[in-house]
Amino acid sequence: MKLITINKTLLVLLLFFLHLPSFSQDFENIPLNDLSAFAEVGKSWKIVEQVTADLVKTGDLKTKSGSGILVNLPGGHGQNLTTKMQHGDIDLELEFMMAKSSNSGIYLQGTYELQLLDSWGVHHPGFGDCGGVYERWDESKPDGRKGFQGYAPRLNACRAPGLWQKLEISFQAARFDQYGHKTAPARLLKVVLNGTIIHENLELTGPTRGGGDEERAQGPIRLQGDHGSVAFRNIRYRKFNNPPLKLEHITYEVFQTDADLLSDLDQQKLIKKGKTEVLTHEVTGETSKFALRFRGDFNIVQAGRYDFSMDNYGMGQLLIDGKSVAKRAWRKHAGSVELNKGNHSFEISYAKMDSWYPNGLALYVSGPGVRLQPLHTISSEPLGQLPKPYRLDFKNEPVLLRSFVDVKDVERDTVYRVTHAISVGFPEQVSYHYNLSNGALFDVWKAEFLNLTPMLDSRGDGSSIPLGSVLNLRDAPAIAILAQSDTPWPEGTNAGENFRNKGYRLDKSGAPTFKYLFDGKIVLDQILPREEGRYFNRKITVDGALSNGYHRAARAKVIEEVDKELFRIDGTYYIRLPEKSDFKATIRLVGEYQELLLPLSGGAITYDLIW
């Protein structure tokens, strides 16, 4: 087993983003009832209701008339599409679908391109693959050196043609002075593709190829339409046009105290006081039995709800205009307040009794038109001691690991721990989680294997975390007896008395086949990668027919048969049955959900799980 450390800078950034509260500002939608939100609309762009793609045929997108989806069908000739909306700093979210071998892109401010491409199955993506920041271009340079500064995504999180993929972008525009001179470059603060961070704090030094020659403070979103078929839906954004908040006229007082109540500081011994330009615990040289009180004001340019979050090693609280917003608490705490336009006062108190842990004080804010920002100095942030990081990588043979795995139940909005989980990673850089107590295949993912830090750091808690781009499936018994067509599928992590786990056996390559008894019959369950890890093939074999026995291949809000024996599940993955098989799939409606059932009366089933 090979263990290597995770980059500590990356871990610090991850801890930073995990700490932050959600934004108070709502998203605005770009309406897709018609094309009125866009300028200079070419003939290749249309509004439709439904889109599907062929997994085999290049460039093919099939549509159904209606509204809600923006689609580009160039037919050899297409043009770019720009929004009438102009933006500077922005959070942009959208879903997109690629045709096979298709090419498109999203230009922020019409200037910086994030590449959209059918990169399904690519193991080592470059800047031209899906999610990459396309290269810049200089015609004055010699051939072979004209392109420069393209940035590949951290990993390939791209999914198969015809599946909806989600892209989330936090962008900070370039800064200019009153004379139009650039004072700071544009940045991609964070880019998330299908739930996976692919860029973070990336500096954009200038326009990418096709983005023109000049940068600007404001510009439109431009969708590339001259390279291939692509569809978009659920396009929404929030702009940050207001200046950041700034704490002003800050005074501080340092008290000696034997208690951290913070409510009676004027009764404590005053050690020193003064003025400071920034919020930081470093105004005191004390490490124990002290209390700090900061007072000052700040200006609000747009009325609305503002969210404040504190993090403090010790006890802390925040008052605004004399009213408690972040109540007295240890470590992370937060609160919201409605603020009118104009000046407001603040009071921050922080007390620490012991010297065995470091000082730490942080304050964050977000609000209408204001991106989430720290109001303290970096050196005041209470980072604490980082855990020693470990990861388990793929090897040239399958890797198996038993551990606990935390799973989110989307329907119930809860998180629980699978205690009999096994992780299996293949050399093709594709992995899955299997529940040995019920035969469920409940996670599949690509690109990277496991984070073992929770298991191996200090005493550990026995759990591991999947890395890479994860597709969450449902943790429920793999097979069941359904006496009637409306018999509910058994739920829960345990398959009940009918299920007896019998372990697994390894083939010559080291891949496992799981074995269990169900209703007195032996069941074999094998899950193997196909086409260099593009998808999994699953085969379940029962020793003898299982009367009224079924395997539930999927449960979703929408199950579509988009082609013969090809089913699209909530638009995010496919179940593909063999062209010629001895069994037939059934789709049934159970409450708000559909279920795709495969009969085990013939003794065996097989299908592909494609994402």
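Looking across the stretch 24-38, just one residue is touching a Leu at 6+ places or on another chain (Cβ under 7 Å) and part of a loop (DSSP other than H, G, I, E, B), and that is Leu32. Residues that are of a type in the set (Ser, Thr, Tyr) and buried (at least 17 other Cβ atoms within 10 Å of the Cβ): does the stretch 158-179 have at least one? Within the stretch 158-179, one or more residues are of a type in the set (Ser, Thr, Tyr) and buried (at least 17 other Cβ atoms within 10 Å of the Cβ).
The stretch 351-430 holds strands (runs of 3 or more DSSP E) entirely within its bounds, and those carrying 1 or more residues that are under 30 Å from Glu532 (Cβ atoms) and out of contact with any Pro (no Cβ under 9 Å at 6 or more places or on another chain) map to 399-409, 414-426. Suppose the filter is touching a Pro at 6+ places or on another chain (Cβ under 6 Å), assigned by TED's automatic domain parsing to the domain that holds Asn537, surrounded by fewer than 22 Cβ atoms within 10 Å (Cβ to Cβ) and under 30 Å from Gly591 (Cβ atoms); does Pro466 pass it? No. Considering the stretch 345-356 alone, what residues qualify as being out of contact with any Ser or Thr (no Cβ under 9 Å at 6 or more places or on another chain) and farther than 21 Å from Pro244 by Cβ? Matches in the stretch 345-356: Tyr350 only. Filtering the stretch 125-139 to residues that are free of Cβ contacts under 8 Å to residues at least 12 places away in the same chain and more than 11 Å from Thr208 (Cα to Cα) leaves only Glu139.
The residues in the stretch 39-93 that are of a type in the set (Ser, Thr, Tyr), outside any loop (DSSP other than H, G, I, E, B) and under 30 Å from Arg216 (Cβ atoms) can be counted, and the count is 2. Return a yes/no flag: does the stretch 476-496 have any residue that is closer than 19 Å to Glu397 by Cβ, in contact with a strand residue (DSSP E or B) (Cβ under 8 Å, 6 or more places away or on another chain), touching a residue at least 40 places away in the same chain (Cβ under 8 Å) and crowded, with 17+ Cβ neighbours inside 10 Å. Scanning the stretch 476-496 turns up no residue that is closer than 19 Å to Glu397 by Cβ, in contact with a strand residue (DSSP E or B) (Cβ under 8 Å, 6 or more places away or on another chain), touching a residue at least 40 places away in the same chain (Cβ under 8 Å) and crowded, with 17+ Cβ neighbours inside 10 Å. Tell me yes or no: at least one residue of the stretch 436-458 is of a type outside the set (A, V, I, L, M), assigned by TED's automatic domain parsing to the domain that holds Val415, in a strand (DSSP E or B) and over 21 Å from Leu401 (Cα atoms). The answer is no; no qualifying residue exists.
Every residue, every condition in (1) over 25 Å from the mean Cα position of the chain (by Cα); (2) closer than 30 Å to Ala173 by Cα; (3) of a type outside the set (Asp, Glu), yes or no:
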residue	(1), (2), (3)
Trp356	yes, no, yes
Val365	no, yes, yes
Pro387	no, no, yes
Asp393	no, no, no
Arg417	no, no, yes
Gly425	no, no, yes
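The conditions of being under 25 Å from the mean Cα position of the chain (by Cα) and within 30 Å of Val370 (Cβ to Cβ) are not met by Arg159.
Give the number of residues within the stretch 259-294 that are buried (at least 16 other Cβ atoms within 10 Å of the Cβ) and within 18 Å of Gly360 (Cα to Cα). The total comes to 14. Condition check for Gly59 on (1) modelled with pLDDT of 90 or more; (2) more than 24 Å from the chain's Cα centre (by Cα); (3) surrounded by fewer than 18 Cβ atoms within 10 Å (Cβ to Cβ): one failure, at (3). Can you confirm whether the stretch 223-232 contains a residue that is assigned by TED's automatic domain parsing to the domain that holds Asp60, in contact with a Gly (Cβ under 6 Å, 6 or more places away or on another chain), in a strand (DSSP E or B) and under 18 Å from Leu94 (Cβ atoms)? No.
Of Val407, Val444, which residue is among the β-branched types (Val, Ile, Thr) and at pLDDT 95 or above?
Result: Val444 is the single residue among Val407, Val444 that is among the β-branched types (Val, Ile, Thr) and at pLDDT 95 or above.
The values are calculated or read from the model by the stated rules, or taken from the named source; none is laboratory data. Quick caveat, the model's predicted, so the values are computed rather than measured. Note: ideal-geometry Cβ built from the backbone for every residue, glycine included; neighbour counts use all protein chains shown.
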